[in-house]
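The values are calculated or read from the model by the stated rules, or taken from the named source; none is laboratory data. Note that the structure is predicted; figures quoted are calculated from it, not measured. Cβ placement follows ideal geometry from the backbone for every residue including glycine, while neighbour counts extend to all protein chains displayed.
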Amino acid sequence: MSEFKYACPVCGQHIQCDSSQAGTQMECPTCFQKITVPQAPSSSGQKFIITGTKKSERPVSTIPESSSSLIPAAKGFPGALVVVVIFIFIGAAVAVVYRGTIFKSKPAAAAVAESSHPSSGGFQPGMPANGAGNLALNRPAFAGNSENQHPPQEGNDGNPRTRWCASSGSLPQWWEVDLGAAETITHTQVVWEHEAAYQYEIQTSLDNKDWATVVNRTGNSVSSRVSSDNFSANGRYVRIIVTGLQPGSWASFFEFQVFGSGT
């Protein structure tokens with residue numbers, strides 16, 4: 001008699017027996033299926049794993065033990081469950097790759113939609129002309145805080161499709177521009193992000209320390225896309241402070257313009 005191993009045809013469990021049991025019926029200790037024990041391998045130079053068969057089925061292939069890792073079962077562990085685990089792992093890997101591809105190829109419009117306060121697309125109709133008369137055009141600009149994609153300098157760059165926006169909807173929020181030299185200021189104009197009743201103050205300063213309020217619209221209740229204010233003041237720095245907003249609006253504008261008596 002010689003001992004050999006064979007595999008359960010249902011779950012892949014390796015079962016050890018001796019040649020005297022060949023052709024008899026056995027019960028798999030793992031899946032409890034009735035199995036016909038195959039004939040012992042004739043080769044003595046190499047061990048074999050023989051796949052057993054269910055009762056009345058024809059024997060199937062004989063597999064070298066060196067390839068037993070290809071059998072979908074580990075010793076003492078149901079093969080069917082191993083197969084399920086393998087398929088779950090492969091499916092998860094494919095899903096990760098697919099998801100990464102989707103995010104890498106996400107169109108710009110989708111990326112904008114995920115921002116905290118997406119752009120309203122710019123303001124073209126009736127946009128006040130920028131030119132030599134706008135003292136604030138492309139001058140250094142600053143703000144209390146800003147969204148990364150909408151920095152202070154986009155509030156006076158003359159581009160009707162860019163804007164400054166505060167980093168949150170909290171109030172108050174301020175934005176200011178340095179005109180580079182003291183000017184006699186007579187007029188300001190703001191192109192807001194939305195047509196809404198923005199409430200605000202406009203202040204001027206000669207030294208960026210002492211400020212004078214020249215426009216007070218903190219009680220404004222009239223919705224408008226463009227706010228124009230006439231006054232007379234001397235200053236190098238001009239600041240707008242947003243004090244009130246309608247629900248859903250943030251402190252944000254496409255353009256802040258400053259005009260003086262010399263222009």
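Within region 1-39, take every residue that is among the β-branched types (V, I, T) and part of a strand (DSSP E or B) and give me the one that is nearest to the chain's Cα centre (by Cα). Break it down stepwise before answering.
Residues of region 1-39 among the β-branched types (V, I, T): 10, 15, 24, 30, 35-37.
Applying the additional criterion that residues be part of a strand (DSSP E or B) yields 15, 35-36.
Numbers: I15: 52, I35: 55, T36: 58 Å.
So the residue we want is I15.
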Considering each residue of region 154-171, count those that are touching a residue at least 60 places away in the same chain (Cβ under 8 Å), surrounded by 16 or more Cβ atoms within 10 Å (Cβ to Cβ) and touching a Ser or Thr at 6+ places or on another chain (Cβ under 7 Å), and give that number.
4
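Specify which of the listed residues (S119, S115, S146) is in contact with a helix residue (DSSP H, G or I) (Cβ under 8 Å, 6 or more places away or on another chain) and modelled with pLDDT under 95. Working first, answer last.
Details: S115 fails: in contact with a helix residue (DSSP H, G or I) (Cβ under 8 Å, 6 or more places away or on another chain); S146 fails: modelled with pLDDT under 95.
On inspection, the qualifying residue turns out to be S119.
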Return a yes/no flag: does region 3-10 have any residue that is of a type in the set (F, W, Y), surrounded by 12 or more Cβ atoms within 10 Å (Cβ to Cβ), out of contact with any Asp or Glu (no Cβ under 8 Å at 6 or more places or on another chain) and modelled with pLDDT under 50.
no
Check off (1) free of Cβ contacts under 8 Å to residues at least 12 places away in the same chain; (2) surrounded by 20 or more Cβ atoms within 10 Å (Cβ to Cβ) for D210 and give me the number that stays unchecked.
(2)
Top-ranked residue in region 213-222 [being under 39 Å from the mean Cα position of the chain (by Cα) and surrounded by 14 or more Cβ atoms within 10 Å (Cβ to Cβ); ranked as nearest to S170 (Cα to Cα)]
T218
